[in-house]
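The values are calculated or read from the model by the stated rules, or taken from the named source; none is laboratory data. Quantities reported herein were computed from a predicted structural model and do not represent experimental measurements. Cβ sites come from the backbone with ideal geometry, for glycine too, and all protein chains shown count toward neighbours. In case anyone asks, the SASA skips ligands and DNA or RNA and just uses the protein heavy atoms, side chains included. Shrake-Rupley method; radii C 1.70, N 1.55, O 1.52, S 1.80 Å.
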Amino acid sequence: MQADNLTGGQELLCINTEKVFDWILNEATFDLTLNDLDLPVNPVTGDQLECDDVDLDTVTCTVAPAEDNPIEVLDREDQVFVVDGAEVTLQIVNLRKNFEVTIFVDLVPELGGATVEVGTVEFTRCEQVILCAPEGTDIDVTFTDLDCFVCTAACDPGTTTEVDELDVTVTVRLCQSIQSTFPVTLELVADFCQPRDILPFPPCPAPTIPLQCPAVFPNNGNGDTGDNG
């Protein structure tokens, strides 16, 4: 049984929320060259790893937004565009995005094959987008997908006094949702929400008999049981 309407019914309400001025989905792909990454020490033995200790076919990466200032809005500039035959003033927004990419590699089977972290490198990419984003609006960037893969990997043997180094090229792909928003207070007439009906627990199941195989057993009596004498 559904609950009755709460006392008051409809009421004129003021709600604080955000108005979306514009919203686009954008995809970007870019390459990174990460050179001179010092090989780490063996996490088990503590010995400095060398090129022969790692499997270059297993080099992988992860990418994530930087902890500090992952998205920065540099500036925005008004520009007139013609949309469907009408002139409209939009904004060219300059964005700076900061990331961290981490490189991993597996040890050779003779050393146990464990995955070790080589190092993390920070990098920055800038981008321009066209939005309805007049001065005063906020620019919200959300990464809906952020991934990377290693394209090439090579190891540079050092000298007796230098650490061996890894050279890697990485391809980063990101999908992003970019919105321009502004806080607003809305006035609207609305009903108060009501609780839903409680779902009943199902009854205990009745005993069931497993399906039989009458074609096999019991015998249908059509077999030949006559004497052969």
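How about region 131-184: which of its residues are under 30 Å from Phe81 (Cα atoms), open to solvent by 50 Å² or more (accessible area, probe 1.4 Å) and touching a residue at least 40 places away in the same chain (Cβ under 8 Å)?
Passing the criteria: Glu135, Asp138, Asp140, Thr144, Arg173, Phe182, Pro183.
State all residues of region 22-66 that are among the hydrophobic types (A, V, I, L, M, F, W, C) and open to solvent by 70 Å² or more (accessible area, probe 1.4 Å); if no residue qualifies, say none.
Across region 22-66, the qualifying residues are Trp23, Leu25, Val41, Val44.
How many residues does region 99-121 hold that are farther than 18 Å from Asp57 by Cβ and without any contact (Cβ under 8 Å) to a residue 24 or more places away in the chain?
Qualifying residue count for the region: 1.
Every residue, every condition in (1) farther than 29 Å from Phe149 by Cβ; (2) touching a residue at least 40 places away in the same chain (Cβ under 8 Å); (3) not in a strand (DSSP E or B), yes or no:
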residue	(1), (2), (3)
Glu11	yes, yes, no
Phe21	yes, yes, no
Phe30	no, yes, no
Asn35	no, yes, no
Val44	no, yes, yes
Asp52	no, yes, yes
Thr62	no, yes, no
Glu67	no, no, yes
Val82	yes, no, no
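So Pro70 ticks every box in (1) at positive phi; (2) touching a strand residue (DSSP E or B) at 6+ places or on another chain (Cβ under 6 Å) but one. Which box is left unticked?
Here Pro70 meets the rest and fails (1).
Among the residues of region 76-105, write down those that are acidic (Asp, Glu) and on the phi < 0 side of the Ramachandran plot.
Within region 76-105, Glu77, Asp78, Glu87, Glu100 meet the criteria.
Among the residues that make up region 193-200, is at least one of them free of Cβ contacts under 8 Å to residues at least 40 places away in the same chain, within 27 Å of Pro40 (Cβ to Cβ) and not hydrophobic (A, V, I, L, M, F, W, C)?
For region 193-200, residues free of Cβ contacts under 8 Å to residues at least 40 places away in the same chain, within 27 Å of Pro40 (Cβ to Cβ) and not hydrophobic (A, V, I, L, M, F, W, C): absent.
Could you list, in sequence order, all residues of region 74-107 that are open to solvent by 60 Å² or more (accessible area, probe 1.4 Å) and among the hydrophobic types (A, V, I, L, M, F, W, C)?
Listed by number, the residues that qualify are Leu74, Val80, Val82, Val83.
Hey, could you check region 12-50 for residues that are over 30 Å from Thr89 (Cβ atoms) and among the polar types (S, T, N, Q) and say which is nearest to the chain's Cα centre (by Cα)?
Residue satisfying both the conditions and the ranking: Thr29.
Have a look at Val172, Val118 and point out the one that is closer than 22 Å to Leu74 by Cβ, at pLDDT 95 or above and of a type in the set (Val, Ile, Thr).
So the residue among Val172, Val118 that is closer than 22 Å to Leu74 by Cβ, at pLDDT 95 or above and of a type in the set (Val, Ile, Thr) is Val172.
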